[in-house]
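Notes follow the structure.
The values are calculated or read from the model by the stated rules, or taken from the named source; none is laboratory data. Bear in mind that the values here come from a model prediction, so they are computed numbers and not experimental data. Virtual Cβ from ideal backbone geometry, glycine too; neighbours counted across all protein chains shown. When the accessible area is computed, the model is the full protein with side chains, heavy atoms only, and any ligands, DNA or RNA have been set aside. Shrake-Rupley method; radii C 1.70, N 1.55, O 1.52, S 1.80 Å.
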Amino acid sequence: MRIGMVCYPTFGGSGVVATELGKALAARGHEVHFITYDQPVRLGSFRPNVFYHEVRIAQYPLFDYPPYELVLASKMVEVVRQQNLDLLHVHYAIPHASSAYMAKRILAEEGRNLPVVTTLHGTDITLLGKDPGFEPVISFAINQSDAVTAVSTSLRSDTYKLFGINKDIEVIPNFVCPAHFKDLKGQDREQFTSSDEHLLCHISNFRPVKRVVDVIKTFALLADRMPAKLLMVGDGPDRSAAEREAREQGVDDRVFFLGKLKNPLEALAISDLFLLPSESESFGLAALEAMACGVPVVATEAGGLPEVIRHGVSGMLSPVGDNEQMANHAEFLLAPANLERFREQALQRAGNFAIDRILPEYLGLYDRVLSPEAID
Ligand code: GMT
């Protein structure tokens with residue numbers, strides 16, 4: 001198949017999932033064309049069957065707001081025509097599914113059918129869904145897609161609750177590529193901890209929904225009880241608040257704010273425990289990647305997290321904001337009697353989300369939207 005893959009090229013999980021999916025499809029002989037405004041961060045070096053088409057938007061003084069969606073739709077049309085694409089797989093309802101709808105209509109005028117598969121990742125639903133300014137476009141773009149997937153059952157229910165959806169939404173969970181985690185080499189752990197200290201880790205974009213101040217509060221409670229250090233990976237609006245909290249809690253000498261890392265897996269590879277106290281999370285790809293590194297997770301029971309982390313197996317879950325309980329859970333998991341067992345169980349749980357299990361679900365979906373019955 002020749003597939004156009006449209007995503008945000010940034011550090012976010014949706015971009016990672018789209019990129020890894022594209023790479024896996026390419027490795028199996030499909031041709032994958034990424035259409036986005038920057039090279040996706042996890043794309044790495046060039047490889048057979050993978051192509052990147054940049055969406056460039058010129059700045060005209062006339063526009064206060066550059067019309068990215070229109071340039072994207074035009075680029076989709078251009079790539080479909082030139083590369084003879086069979087379908088578009090877009091990640092996020094807006095602007096990707098709405099731009100894809102326009103591309104589809106333009107191509108229909110020349111008698112070309114362009115099936116559009118839309119994958120919902122969360123923020124477009126759980127955050128923008130609360131903004132009535134977006135609702136009509138999001139509902140329309142989802143309903144007009146030829147197939148729609150959500151990354152968790154929780155996200156699928158939220159989508160039905162928040163929008164007027166008349167389409168089946170198939171749940172296809174996110175995945176990891178075990179090969180990336182085998183023999184993963186982290187930094188020297190000794191640079192951050194001594195041998196008697198535990199190393200905790202948090203990775204996110206530090207948006208309010210991630211509750212990074214709770215990461216620090218939970219860590220401070222734990223650090224009162226045992227020697228420990230914390231790696232804070234990422235950057236975003238709440239970084240200063242988290243740094244302030246670390247100073248106020250008197251743990252700033254034990255917390256390392258590393259900023260954005262090209263390969264955050266290197267931080268996971270040397271960690272003992274991952275903290276994810278999010279307010280809402282449609283899936284929690286970072287938690288799955290932690291588990292794939294054999295790192296158990298202390299998280300909240302928000303959104304799709306319970307579908308990824310099995311409480312008492314690959315980590316432990318608490319109500320949002322219950323930092324005391326999360327610290328208790330961290331202490332329990334790090335106890336010598338438990339850590340190795342939970343590490344092993346986290347690895348096993350991550351195996352359920354291996355790409356080889358998930359890829360056939362996407363391929364089945366592509367086959368369905370390309371079948372003659374779907375086209376009629
Ligand atoms: O979490 C974010 O703010 C980034 C966002 C994204 O676009 O990557 O993440 C969403 O999609 C990920 C991939 O499917 C999920 O793992 C995240 O849970 C989801 N974030 C939220 O629902 C807040």
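Suppose we keep only residues that are among the aliphatic types (A, V, I, L, M) and open to solvent by less than 10 Å² (accessible area, probe 1.4 Å) within segment 267-283. Which one would you say is nearest to the ligand (Cβ to nearest atom)?
By that ranking, first place goes to LEU276.
Being closer than 23 Å to GLU331 by Cβ, in a helix (DSSP H, G or I) and within 12 Å of the ligand (Cβ to nearest atom) narrows it down to one of ALA302, ALA246, ALA242, ALA286, so name that one.
ALA286
When both residues are 6+ apart or on different chains and their Cβ atoms are under 6 Å apart, which pairs have a first residue that lies in segment 70-85 and is assigned to a loop (DSSP other than H, G, I, E, B), and a second that is of a type in the set (Gly, Ala, Ser)?
LEU85/GLY4
Table: residues versus (1) touching a helix residue (DSSP H, G or I) at 6+ places or on another chain (Cβ under 7 Å); (2) at pLDDT 95 or above.
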{"position": "CYS177", "(1), (2)": "yes, no"}
{"position": "LEU184", "(1), (2)": "yes, no"}
{"position": "ARG189", "(1), (2)": "no, no"}
{"position": "CYS201", "(1), (2)": "yes, yes"}
{"position": "ARG207", "(1), (2)": "no, yes"}
{"position": "PRO227", "(1), (2)": "no, yes"}
{"position": "MET232", "(1), (2)": "yes, yes"}
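Looking at segment 193-204, I want the residues that are touching a residue at least 12 places away in the same chain (Cβ under 8 Å) and within 14 Å of ALA330 (Cα to Cα) and have a partner that is charged (D, E, K, R) and in a strand (DSSP E or B) with Cβ atoms under 9 Å, at least 6 apart or on another chain. Which pairs are those?
Going by the 9 Å Cβ cut-off, the qualifying pairs are GLU197/LYS229; HIS198/LYS229; LEU199/LYS229; LEU200/LYS229.
So that you can scan it fast, the table gives a plain yes or no per residue for (1) buried (at least 16 other Cβ atoms within 10 Å of the Cβ); (2) at pLDDT 95 or above; (3) within 21 Å of the chain's Cα centre (by Cα):
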{"position": "ALA73", "(1), (2), (3)": "yes, yes, no"}
{"position": "MET76", "(1), (2), (3)": "yes, yes, no"}
{"position": "VAL80", "(1), (2), (3)": "yes, yes, no"}
{"position": "ASP86", "(1), (2), (3)": "yes, yes, no"}
{"position": "HIS91", "(1), (2), (3)": "yes, yes, yes"}
{"position": "ALA97", "(1), (2), (3)": "yes, yes, yes"}
{"position": "MET102", "(1), (2), (3)": "yes, yes, no"}
{"position": "ILE106", "(1), (2), (3)": "yes, yes, no"}
{"position": "GLY111", "(1), (2), (3)": "no, yes, no"}
